[in-house]
1. Rounded to whole Å and sorted largest first, what semi-axes of the equivalent ellipsoid does the C-alpha gyration tensor of the stretch 115-165 yield via the square root of 5 times each eigenvalue?
2. Over all directions, average the projected area of the Cα convex hull of the chain and note it in nm².
3. Give me the log10 of I(q) over I(0) for the stretch 1-47 at q = 0.22, 0.30, 0.33 Å⁻¹, as the Debye formula computes it from C-alpha points; what are the numbers?
4. Sticking with the crude label model, points 7 Å out along Cα→Cβ, report the distance from residue 95 to residue 441 in nm, one decimal please.
5. Ranked from highest to lowest mean number of other Cβ atoms within 10 Å per residue, what is the order of the peptides 237-244, 114-121?
6. Based solely on C-alpha atoms, express the radius of gyration and the Dmax of the stretch 137-183 in angstrom.
7. Provide Rg and Dmax in Å for the stretch 20-121, with only Cα atoms included in the calculation.
8. Hey, got a sec? Which trypsin sites (Lys or Arg not before Pro) in the stretch 2-61 land in a DSSP loop and have at most 13 other Cβ atoms within 10 Å?
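Every read-out reported here was derived from the displayed coordinates using simple, explicitly stated rules and does not represent laboratory data. Quick caveat, the model's predicted, so the values are computed rather than measured. All Cβ positions, glycine included, derive from the backbone under ideal geometry; neighbour counts span all protein chains shown.
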Amino acid sequence: MRWLAESGCRLWQTLPLGPTGYGDSPYQSLSAFAGNPLLLSPDLLKEEGLLTRDDLEPHPDFPEDRVDFGAVMEWKAALLQRMASDFSGRASPDLRRSLEEYLAAQAGWLEDFALFMALKQRHQGAPWTAWPEELRQRQAPALASARQRLAPEVAAQRLLQFLFSRQWTALAEAAHAQGIRLVGDIPIFVAHDSADVWSHPELFHLDGAGLPTAVAGVPPDYFSPTGQRWGNPLYRWEAMRADGYAWWIGRLRAVLGQVDRVRLDHFRGFEAYWEIPAHAPTAETGRWVPGPGKRFLKAVQASLGDLPIIAEDLGVITPGVVKLRDSFALPGMKILQFAFNGDPKHEFLPHNYPVHCVVYTGTHDNDTIVGWYASAPESERDFCRRYLGCDGSDIAWDLIRAAWASVAEWTVAPLQDLLSLGSEARMNFPSRAEGNWGWRARAGDLTERLAARLRELNTIFGRANPPAGAQHEDRRPE
């Protein structure tokens, strides 16, 4: 956080923070409300007296620049289980009191989630549709029996969520003290194997066995001849409308309790979404179905007030999507990496931006700038060099400078681009089921020299964050 402040930045954007399942994707979370216990800091738990130095040793020799999810899960699961078992004896009275307050405030989602996770562990990680019928169907006697039988495991899950919330709140407060605002991310759809679908099957298109009857995705396009079959169950929007979209409003309220602004993934799905029959092997077979549109956003606005939302409006965007976005004055996204096809009227070229937008050099689904430039057709590379007035030798920072110099209200660059890294640092390959999400920065990457270089751009383009506590009229975050 100190490095961000020194660089003059005002925004820090993260991927979704929920617990991940198979494939480690933060966009296929086990819960739309919970935090990922793998993000808990053992050092902070030690500072609170919940772990000892002996608990943290021996420490595995993890890779410096990649996340070995299997090794991390194995080590951290044992560590957190030991911590949960000893919590009552180690926690201070104030900490125990804070836990009780948290449990009371979050019971609406936490009780189902904690039981879901305990049951999932008891069934060796199997999806909830493979559990015994009485648990799949959430029969009251079976749930009551499971809560009693798995009471220690359920309590441990509740505790982990409390500690995640406590650590994240401390991080957010530290960011705010430095003048930095946090941007979160909400996937439009949820994973089928999640506490949300298990707890609220009436809100999703499922059959009697709990399996989806239709799933989400996008149709074939230039990038994918068979489209993308995501597999997430689709919402029963009419059922959600009946209770005023209570589940969605609760979801947004929970995320906005963690961050200051949120990127709403696949915004076009709120205007119309691609419905794929569950039995279809690809996304080629499907149809566009109207989404909840203005009615949904008006309900959210009535409950939450102003909508601090960034609309992820990428892909094939219709006039209806633009109208929906603009009706609520939501900023859309511009991806600079996609701008150089040779058309001077391309909407992603900086001279065509509206002020009310967010420009990204790239996203987690794209190659890094250096990786993209190395593999792009020469026609794109040539247009890029001509447009930016550069020779391509420092291409990542040439694009960063162009983004920062634009009229866009906010600008964002992935850390990989700030570090001028190649394809080896790419975060996600959307067509690849495994091996994603593993890149991480090394301890020495965030140097004073890099901070100074970024602060220079923030300063000369009027985007610099003033020192903590200083008054400044221009509050545009970067």
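1. That gives 20, 13, 9 Å for the three semi-axes.
2. Over every viewing direction, the Cα hull of the chain projects on average to 23.6 nm².
3. After summing over all Cα pairs, the log10 values are -0.85, -0.97, -1.07.
4. Once both label points are built, they end up 2.9 nm from each other.
5. 114-121, 237-244
6. In order Rg, Dmax, the Cα atoms of the stretch 137-183 give 17.6, 51 Å.
7. For the stretch 20-121, the Cα-based Rg and Dmax read 15.1, 40 Å.
8. Sparse-neighbourhood loop trypsin sites (Lys or Arg not before Pro): 53.
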